[in-house]
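First comes the structure, then the notes that go with it.
The values are calculated or read from the model by the stated rules, or taken from the named source; none is laboratory data. On a predicted model such as this, the values are computed, not experimentally measured, just so you know. Here the Cβ positions follow ideal geometry from the backbone for every residue, glycine too, while neighbour counts run over all protein chains shown. Note: accessible area is taken over every heavy atom of the protein model, side chains too, but ligands, DNA and RNA are not part of it. Shrake-Rupley method; radii C 1.70, N 1.55, O 1.52, S 1.80 Å.
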Amino acid sequence: MFDALEGVLAGECRTEKRMMLDVAVHDERGESFECSVLNDVVINRGNYSRMVDLETVVDGQYLTTYRADVSSSQRRRVHGLFAFGGGPIVLPVLNTIILNPICPHTLTNRPVILPETAVLKVVLWTREAGPP
């Protein structure tokens, strides 16, 4: 690792620019968290032991409600092919966002490829809490 780091610092390594995802999380108490990430954002049940629905809106337009965990990523790698149901592998030079259900509970939930300019809003809700 140190040899590689020395090479980077000496300018001997090739670098590539990659698209970042800006993420904002808002909870029911009004608290929020914001950050930028490189590869993906995963929204999952967390401590919920029951089914959750994830309502998705793209650029202000309702897309669908997933009954699954959801990953929104800059690109999908091979390690995700099993849980992601054979989702697309997109070359990193293509600045796209992939909205991909993880272990969906219906086969009609397929990955959606969005442009890098898309604003994606996902609202998590449970049967107990009801829709947002």
First in the stretch 95-107 and among the polar types (S, T, N, Q), second anywhere and assigned to a strand (DSSP E or B) and surrounded by fewer than 21 Cβ atoms within 10 Å (Cβ to Cβ), Cβ under 9 Å, 6 or more apart: Asn95/Pro115; Thr96/Ile113; Thr96/Leu114; Thr96/Pro115; Asn100/Asp40; Asn100/Val112
Qualifying residue in the stretch 46-66 (condition: open to solvent by 90 Å² or more (accessible area, probe 1.4 Å), more than 22 Å from Trp125 (Cα to Cα) and either modelled with pLDDT under 80 or not in a strand (DSSP E or B) (or both)): no
Residue tally, condition within 15 Å of the chain's Cα centre (by Cα), exposed (fewer than 15 other Cβ atoms within 10 Å of the Cβ) and within 19 Å of Val52 (Cα to Cα), over the stretch 85-109: 1
Pick from the stretch 111-132, criterion at pLDDT 80 or above and not in a strand (DSSP E or B), ranking: surrounded by the fewest Cβ atoms within 10 Å (Cβ to Cβ): Thr117
Considering residues of the stretch 1-40 that are within 24 Å of Pro101 (Cα to Cα) and in a loop (DSSP other than H, G, I, E, B) only, the residue most open to solvent (accessible area, probe 1.4 Å): Glu28
Neighbours by Cβ (under 8 Å, 6+ apart or cross-chain): first from the stretch 51-67, without any contact (Cβ under 8 Å) to a residue 40 or more places away in the chain and within 17 Å of Ile113 (Cα to Cα); second charged (D, E, K, R) and open to solvent by less than 20 Å² (accessible area, probe 1.4 Å): Thr65/Asp53
